[in-house]
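Enquirer: Structure in structure tokens, see below.
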Amino acid sequence: MSEETLRADRVSKQIGHRRILHEVNLVVGRGERVALLGPNGAGKSTLLRICATLLKPTSGQVFIGGEPAAEKPALRARLGVLVEHTLFYMSLSGRENLLLYARLYGVPDARRWVDGLLDRMGLALFAGEPVRTYSRGMRQRLAIARTLVHSPDLLLLDEPYTALDQEGSARLNEVLTGLGPEGRSLLLVTHELEPGGAPLPVDRAVLLEGGRLVDEVTAGSLDGDPAQVGRWYRERVRPGLGRG
Ligand SMILES: Nc1ncnc2c1ncn2[C@@H]1O[C@H](COP(=O)(O)OP(=O)(O)OP(=O)(O)O)[C@@H](O)[C@H]1O
């Protein structure tokens with residue numbers, strides 16, 4: 001794996017007559033966690049989907065671990081992706097759903113590993129229950145666990161805190177905090193600036209507006225206080241008013 005886990009190189013996206021992304025350059029280093037922030041409609045989900053190889057850019061390229069993603073579909077296995085509406089087999093249990101995924105990726109000692117993930121997301125008690133009985137927050141916890149099943153090098157999470165309660169958010173924060181030391185990387189789209197009342201667990205935040213990356217900040221540059229990422233963002237963007 002190169003030191004650059006993800007590189008978006010002059011990525012543009014046009015849908016119909018609309019330019020949604022304008023020559024976006026973004027690098028996520030190995031073990032680095034980056035928040036992709038911006039107002040509604042800025043193009044965050046579109047950029048994340050392109051980085052996740054779910055959507056093709058109109059121009060520009062995405063590199064995963066230094067390799068061009070468009071030419072190597074196998075790189076997909078290095079990614080853990082959460083976008084809206086994860087699909088599960090509703091009549092199967094949470095555990096069975098994750099085990100299917102684990103077998104697909106040839107995860108060793110799958111049962112133990114999957115049970116560990118369910119436990120980390122606070123789903124141990126419901127592991128054997130069919131997913132159709134899960135609440136929205138429980139499904140979101142399961143969807144997060146699923147992104148981790150194959151120990152991906154890069155997590156791409158779009159609004160993962162949606163529907164999570166305080167405890168679920170804290171569990172996710174813990175998972176994301178553990179990524180850096182394991183050399184795993186994160187691209188996180190969120191409107192939640194203090195999830196579960198805690199600072200965003202990222203090393204850097206970038207601001208996307210009108211399809212352009214317009215600013216960035218490292219958590220370390222803000223007096224070493226990651227809680228300041230939220231303040232940094234709020235000072236730049238006032239909801240509904242665009243750039244402040
Ligand atoms: N398939 C599509 N067809 C037409 N327009 C689209 C399509 N997908 C996205 N868009 C438009 O692209 C722009 C960016 O959308 P995107 O979902 O990437 O924004 P976002 O920053 O994630 O917004 P939000 O914070 O509201 O989730 C929006 O104006 C949206 O309407």
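The values are calculated or read from the model by the stated rules, or taken from the named source; none is laboratory data. Everything numeric in this text was worked out from a predicted model, so none of it was measured. Every residue, glycine as well, gets a Cβ built from its backbone with ideal geometry; the counts of neighbours run over all protein chains shown.
Enquirer: Where residues in segment 92-107 are among the hydroxyl-bearing types (Ser, Thr, Tyr) and surrounded by 15 or more Cβ atoms within 10 Å (Cβ to Cβ), which of them is farthest from Arg76 (Cα to Cα)?
Expert: This residue is Ser93.
Enquirer: Kindly check whether there is at least one residue in segment 63-74 that is modelled with pLDDT under 95, more than 28 Å from Val229 (Cα to Cα) and either under 16 Å from the mean Cα position of the chain (by Cα) or acidic (Asp, Glu) (or both).
Expert: Within segment 63-74 (the criterion being modelled with pLDDT under 95, more than 28 Å from Val229 (Cα to Cα) and either under 16 Å from the mean Cα position of the chain (by Cα) or acidic (Asp, Glu) (or both)), the answer is yes, since at least one residue qualifies.
Enquirer: Could I ask something else about it? Inside segment 34-124, counting only helices (runs of 4 or more DSSP H) that do not spill past its ends, which hold 3 or more residues that are on the phi < 0 side of the Ramachandran plot and either away from the ligand (no atom under 16 Å from the Cβ) or in contact with a helix residue (DSSP H, G or I) (Cβ under 9 Å, 6 or more places away or on another chain) (or both)?
Expert: 94-104, 110-120
Enquirer: So which residues in segment 1-33 are more than 16 Å from the ligand (Cβ to nearest atom) and in a strand (DSSP E or B), if there are any at all?
Expert: Once the filter is applied, which keeps residues that are more than 16 Å from the ligand (Cβ to nearest atom) and in a strand (DSSP E or B), segment 1-33 yields Glu4, Thr5, Leu6, Arg7, Asp9, Arg10, Asn25, Val27, Val28, Gly29, Arg33.
Enquirer: Here's another thing I want to ask about it. With the structure loaded, tell me whether Ala170 is on the phi < 0 side of the Ramachandran plot, away from the ligand (no atom under 16 Å from the Cβ), of a type in the set (A, V, I, L, M, F, W, C) and modelled with pLDDT of 95 or more or whether it fails that test.
Expert: Answer is yes for this residue.
Enquirer: Do we have Val206 as outside any loop (DSSP other than H, G, I, E, B), in contact with a strand residue (DSSP E or B) (Cβ under 7 Å, 6 or more places away or on another chain) and either more than 21 Å from Val27 (Cβ to Cβ) or among the β-branched types (Val, Ile, Thr) (or both) here?
Expert: yes
Enquirer: Do we have Ile50 as under 18 Å from the mean Cα position of the chain (by Cα) and under 30 Å from Arg212 (Cβ atoms) here?
Expert: yes
Enquirer: I need the full set of residues from segment 177-196 which are surrounded by 19 or more Cβ atoms within 10 Å (Cβ to Cβ) and either hydroxyl-bearing (Ser, Thr, Tyr) or not in a helix (DSSP H, G or I) (or both), in order please.
Expert: Correct list: Leu179, Arg184, Ser185, Leu186, Leu187, Leu188, Val189, Thr190.
Enquirer: Still on this structure, I have one more. Tell me, which residue of segment 209-218 that is touching a residue at least 60 places away in the same chain (Cβ under 8 Å) and assigned to a strand (DSSP E or B) is surrounded by the fewest Cβ atoms within 10 Å (Cβ to Cβ)?
Expert: The qualifying residue surrounded by the fewest Cβ atoms within 10 Å (Cβ to Cβ) is Arg212.
Enquirer: Between a residue in segment 5-31 that is under 14 Å from Ala69 (Cα atoms) and any residue that is of a type in the set (A, V, I, L, M) and not in a strand (DSSP E or B), which pairs come within a Cβ distance under 8 Å, given they are 6 or more apart or on different chains?
Expert: Ala8/Leu47; Ala8/Ile50; Val11/Leu47; Val11/Ile50
Enquirer: Could you say whether any residue in segment 99-113 is under 19 Å from Tyr161 (Cα atoms) and not hydroxyl-bearing (Ser, Thr, Tyr)?
Expert: no
Enquirer: If you scan segment 158-176, which residues turn out to be in a helix (DSSP H, G or I) and either basic (Lys, Arg) or surrounded by 15 or more Cβ atoms within 10 Å (Cβ to Cβ) (or both)?
Expert: Within segment 158-176, Gly168, Ser169, Ala170, Arg171, Leu172, Asn173, Val175, Leu176 qualify.
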